[in-house]
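Before any comments, here is the structure.
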Amino acid sequence: METESTEEIMLEIKDTLVSLDLAERFFCCDLEKCLGQCCIEGDAGAPITEEEQAKIEKLLPEIWDDLLPAAKSEIEENGVAYIDEEGDLVTSIIDGKNCVFTTYGEGGMCLCAIEKAYREGRVDFKKPSSCSLYPVRLTKYPSFTAVNYHRWKICRCAEVLGRANNIRLYRFLEGPLTDYFGKEWYDELTLACETYLEQYGSND
């Protein structure tokens, strides 16, 4: 953080460049209001790695009965994942938007069939890292990984709840960020965010 212009500042944590949104934005998922719409909105599935694809294929029998009929047909015909228009490997979708692993609970609440099985002790894989990290998105480049906040209208209620509870985005995602990057990385991020906020405050 060598410049006085906040527009030019990125948080450089090891081999990542982190958006200031993680420090500035308030965020806390409000599932009672959004009903998990991030699982069913958008024009592509959730980004996954080849390793995650293999894990999902292996646990498929354990979650099969939880899937929607259309999802079963899609998986049988095209598999659990596909390459999207940007060349990324993503989970298969139905109806042009719904992730094939979306199920529904009481009141129309969207649930992830994989995570549901994990919480019930039926599988040892919680869900793809991109889902755990959401609304943060990772973009990998040859020399670094960009860590950015994907901001859209369905998460507005999460921003409101986060502000009401004074929870910054980097704090809300402490568990997923630590799981993905490691505790040393997250501790460095925390220090950088706190230092930045002390110096500049929030523009949110």
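Of everything listed in (1) closer than 29 Å to F144 by Cβ; (2) open to solvent by 70 Å² or more (accessible area, probe 1.4 Å); (3) modelled with pLDDT under 95, the single unmet condition for T6 is (2).
For the stretch 60-73, the condition of being part of a loop (DSSP other than H, G, I, E, B), within 18 Å of N148 (Cβ to Cβ) and open to solvent by 20 Å² or more (accessible area, probe 1.4 Å) holds for none of the residues. None of E76, E52 is part of a helix (DSSP H, G or I) and open to solvent by less than 60 Å² (accessible area, probe 1.4 Å) except E52. Inspect all residues belonging to the stretch 170-177 and state whether any of them is surrounded by fewer than 20 Cβ atoms within 10 Å (Cβ to Cβ), within 25 Å of E194 (Cα to Cα) and among the aliphatic types (A, V, I, L, M). Looking through the stretch 170-177, none of the residues is surrounded by fewer than 20 Cβ atoms within 10 Å (Cβ to Cβ), within 25 Å of E194 (Cα to Cα) and among the aliphatic types (A, V, I, L, M).
Restricting the first member to the stretch 156-178 and to residues that are within 14 Å of D21 (Cβ to Cβ), and the second to residues that are of a type in the set (D, E, K, R) and at pLDDT 95 or above, the beta-carbon pairs closer than 6 Å and six or more apart or on different chains are L169/R25.
Search the stretch 39-49 for residues being among the hydrophobic types (A, V, I, L, M, F, W, C) and in a loop (DSSP other than H, G, I, E, B), and hand back the single one that is farthest from W152 (Cα to Cα).
Step one: list which residues in the stretch 39-49 are among the hydrophobic types (A, V, I, L, M, F, W, C), which gives 39-40, 44, 46, 48.
Now drop any that are not in a loop (DSSP other than H, G, I, E, B), which leaves 40, 44, 46, 48.
On the way: I40: 14, A44: 15, A46: 16, I48: 21 Å.
Among those residues, the one meeting the criterion is I48.
Inside the stretch 76-109, residues that are out of contact with any Leu (no Cβ under 6 Å at 6 or more places or on another chain) and within 19 Å of F125 (Cα to Cα) make up a count of 10. If you go through the stretch 88-97 and keep only what is open to solvent by 50 Å² or more (accessible area, probe 1.4 Å), more than 16 Å from the chain's Cα centre (by Cα) and within 30 Å of Y141 (Cα to Cα), you end up with G96, K97.
Residues that are of a type in the set (K, R) and open to solvent by 80 Å² or more (accessible area, probe 1.4 Å): list the helices (runs of 4 or more DSSP H) wholly contained in the stretch 98-169 that include at least 2 such residues. Give the derivation first.
Values: elements: 113-119, 129-133, 156-164.
Counting at least 2 such residues, we get 156-164.
Among the residues making up the stretch 87-97, those that are touching a residue at least 24 places away in the same chain (Cβ under 8 Å) and in a loop (DSSP other than H, G, I, E, B) are D88, S92, D95, G96, K97.
The values are calculated or read from the model by the stated rules, or taken from the named source; none is laboratory data. These figures come from a predicted structure and were not determined experimentally. Quick reminder, even Gly has a Cβ in these numbers, built from the backbone with ideal geometry, and neighbours come from all protein chains shown. All accessible areas refer to the heavy atoms of the entire protein, side chains included, with ligands and DNA or RNA removed. Shrake-Rupley method; radii C 1.70, N 1.55, O 1.52, S 1.80 Å.
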